[in-house]
2 protein chains.
Amino acid sequence: MGLALRWARAGETIILGSRDAQRAQQAAEEIRKKAGAGANITGMENSAACAASDLLVLTVPFEGQATLLKQLKTAIRPGSVLIDATVPLAAGVGGRASRTLGVWQGSAAQQAAELVPKGVSVAAAFHNLSADLLNSEQSNGDDSLDCDVIVCSDDPAATQLTRALAAKIPGVRAIDGGKLENARILEQITALLIGLNIRHKGHGGIRITGLPPQAYE
Amino acid sequence: MGLALRWARAGETIILGSRDAQRAQQAAEEIRKKAGAGANITGMENSAACAASDLLVLTVPFEGQATLLKQLKTAIRPGSVLIDATVPLAAGVGGRASRTLGVWQGSAAQQAAELVPKGVSVAAAFHNLSADLLNSEQSNGDDSLDCDVIVCSDDPAATQLTRALAAKIPGVRAIDGGKLENARILEQITALLIGLNIRHKGHGGIRITGLPPQAYE
């Protein structure tokens, strides 16, 4: 919801996907209330949303990721890019949200890459943005995020597309983090941040320091 | 070397350990040249260094960590604290420095905890500070580091001691990262930063954003 709100504000055309088309439409209306009447946002059942899109952002709990991707295999358009933000939190199987599960493929993003149709590129990103901060309603304050987004993909074009999308969120710098296999580290950083949030009652994010300016552009 | 330099400048009493006492003494002299004649730094063979210390900082390649800790088991004083900064990089077995090895105990720090004598607390920290930046000789510029140190330990006293030591490095904020098991994430962040450094030609570090001020104090 927070990502959709930010991209709606940035003028992107957005389709929210849900198992239930009506719920998706309701969610789209909620976002329109925040983003303004001109927001280009609608809601559809997941398969219809995939069929209508060439850039997909998957933000589901890990325990639902594989099943959903299998269901959507025929709906996802070849040539599209799927951005995966899934984190394999142990909370998904009754464990702690500050711990991760081991994923056979190495990361949830690599599991996604195995499950999408041929010709679909996967990028991993957006794991570490606080939902609370993305949804923040500080109408007077500065609602920019103090957080970087690291993007990992085996397809340089998917990395560039994802970085451009990340940079549309005020405050966010998008950094090329290399191959998709590195997503395992991004996913675990989320568990670390959740642990820090519980311990310190915050909305933790990360900034990468010490890289040359062009790495952040 | 960089950590010793920073702590020598902060007025700490430092003993460098090495397999070879003479090499340790030479390294201590090198640091004294940078830190000033008043620096309280000496060099000793590893066992002697352990016997003379109550706070140990282990900064060795992963492939030497377990062997060294077994050798030093009788030399490490009960009641002392061992800060482990070991990162299980795949480079240690001929792989890439941007990848890590799986460690049976969960992390190199937990392996260390298994190998120290009873009564010795282990804290994990300092994995992600750039050696180049720690050793930086910018005599006119600001040589503070733009990086946070996350400290993980099962012993709150060891966490506090380690945080206090980290805070002696200009620019560094020390954050309680919870239990020692979380060290696995700190270790992997180093591999991510090494990958970013290779890709972007930088000296990457991390800052944790979004926590309340007391988390950084």
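Observations, loosely collected:
- Qualifying residue in region B:128-151 (condition: outside any loop (DSSP other than H, G, I, E, B), away from every other protein chain (no Cβ under 13 Å), at pLDDT 95 or above and within 23 Å of A:Ala191 (Cα to Cα)): no
- Leading residue by the ranking (nearest to B:Ile208 (Cα to Cα)) among those in region A:182-191 that are within 7 Å of chain B (Cβ to nearest Cβ) and not aliphatic (A, V, I, L, M): A:Gln188
- Spans of helices (runs of 4 or more DSSP H) in region B:1-87 with at least 3 residues over 22 Å from B:Leu180 (Cα atoms): B:2-9, B:21-35, B:46-51
- Breaking point among (1) facing chain A (nearest Cβ under 10 Å); (2) more than 16 Å from the chain's Cα centre (by Cα), for B:Asp155: (1)
- Within region B:30-44, the only residue that satisfies the criterion of being in contact (Cβ under 8 Å) with a residue 12 or more places away in the chain and surrounded by fewer than 13 Cβ atoms within 10 Å (Cβ to Cβ) is B:Gly36.
- Residues of region B:171-181 classified as free of Cβ contacts under 8 Å to residues at least 60 places away in the same chain, closer than 19 Å to B:Asp154 by Cα and either in contact with a Ser or Thr (Cβ under 8 Å, 6 or more places away or on another chain) or more than 10 Å from chain A (Cβ to nearest Cβ) (or both), total: 4
- For first residues located in region A:122-134 and within 14 Å of A:Val172 (Cβ to Cβ), partners that are at pLDDT below 90 and lie 6+ apart or on another chain with Cβ distances below 9 Å form the pairs A:Ser130/A:Ser136; A:Leu133/A:Asp143.
- Looking at A:Leu186, A:Leu165, just one residue is part of a helix (DSSP H, G or I) and in contact with a Phe, Trp or Tyr (Cβ under 8 Å, 6 or more places away or on another chain), and that residue is A:Leu165.
- Any hit, region B:95-108, residues being assigned to a loop (DSSP other than H, G, I, E, B), more than 14 Å from every other protein chain (Cβ to nearest Cβ), over 18 Å from B:Arg19 (Cα atoms) and in contact (Cβ under 8 Å) with a residue 12 or more places away in the chain: no
- Against the criterion of being polar (S, T, N, Q), closer than 17 Å to B:Ser121 by Cα and surrounded by 15 or more Cβ atoms within 10 Å (Cβ to Cβ), B:Ser98 does not qualify.
- Qualifying positions in region A:192-215 - part of a helix (DSSP H, G or I), among the hydrophobic types (A, V, I, L, M, F, W, C) and within 7 Å of chain B (Cβ to nearest Cβ): A:Leu192, A:Leu196, A:Ala215
- Just one of the numbered conditions (1) more than 23 Å from B:Ala174 (Cβ to Cβ); (2) surrounded by fewer than 21 Cβ atoms within 10 Å (Cβ to Cβ) is not true of B:Gly106: (1).
- Taken together, B:Arg9, B:Arg32 contain a single residue that is under 18 Å from the mean Cα position of the chain (by Cα) and under 22 Å from B:Phe126 (Cα atoms), which is B:Arg9.
- For region A:61-83, the count of residues that are in contact (Cβ under 8 Å) with a residue 60 or more places away in the chain, in contact with a Cys (Cβ under 6 Å, 6 or more places away or on another chain) and within 28 Å of A:Arg173 (Cα to Cα) is zero.
- Among the candidates A:Ala85, A:Ala52, A:Ala27, residue that is surrounded by 14 or more Cβ atoms within 10 Å (Cβ to Cβ), touching a strand residue (DSSP E or B) at 6+ places or on another chain (Cβ under 8 Å) and under 24 Å from A:Cys152 (Cβ atoms): A:Ala85
- Output for region B:182-196, where each listed residue is closer than 17 Å to A:Leu180 by Cα and free of Cβ contacts under 8 Å to residues at least 24 places away in the same chain: B:Leu196
The values are calculated or read from the model by the stated rules, or taken from the named source; none is laboratory data. This is a predicted model, so every value here is computed, not measured. Every residue, glycine among them, receives a Cβ derived from its backbone with ideal geometry; neighbour counts consider all protein chains shown.
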